[in-house]
């Protein structure tokens, strides 16, 4: 079974439907057995739905700056 860190790292690919078959199966297995990661997956799916529904909304400049900083920090992490 893959680790929590690996499952979370691959979660968005899985939710986007671009994970390979083996990768998707490994994530699904992990989510079936790990309550914490299952909660993260549920949150991520809800967040994705919310963001899609509000994609055309304007966000305050301060939120935009924080979002870009958070994304940059995520990309810089190994």
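The values are calculated or read from the model by the stated rules, or taken from the named source; none is laboratory data. From a predicted model like this one, the values you see are computed outputs, not experimental measurements. Quick reminder, even Gly has a Cβ in these numbers, built from the backbone with ideal geometry, and neighbours come from all protein chains shown.
Could you please let me know if residue 66 is more than 16 Å from the chain's Cα centre (by Cα) and surrounded by 10 or more Cβ atoms within 10 Å (Cβ to Cβ)?
Details: more than 16 Å from the chain's Cα centre (by Cα): yes; surrounded by 10 or more Cβ atoms within 10 Å (Cβ to Cβ): yes.
The answer is yes for residue 66.
If you check residue 27 against the conditions, is it loosely packed, with under 12 Cβ neighbours inside 10 Å and either modelled with pLDDT under 90 or touching a helix residue (DSSP H, G or I) at 6+ places or on another chain (Cβ under 6 Å) (or both)?
no
From the set of residues in the stretch 30-43 that are under 15 Å from the mean Cα position of the chain (by Cα) and free of Cβ contacts under 8 Å to residues at least 24 places away in the same chain, which is surrounded by the most Cβ atoms within 10 Å (Cβ to Cβ)?
Once the filter is applied, the top-ranked residue is 38.
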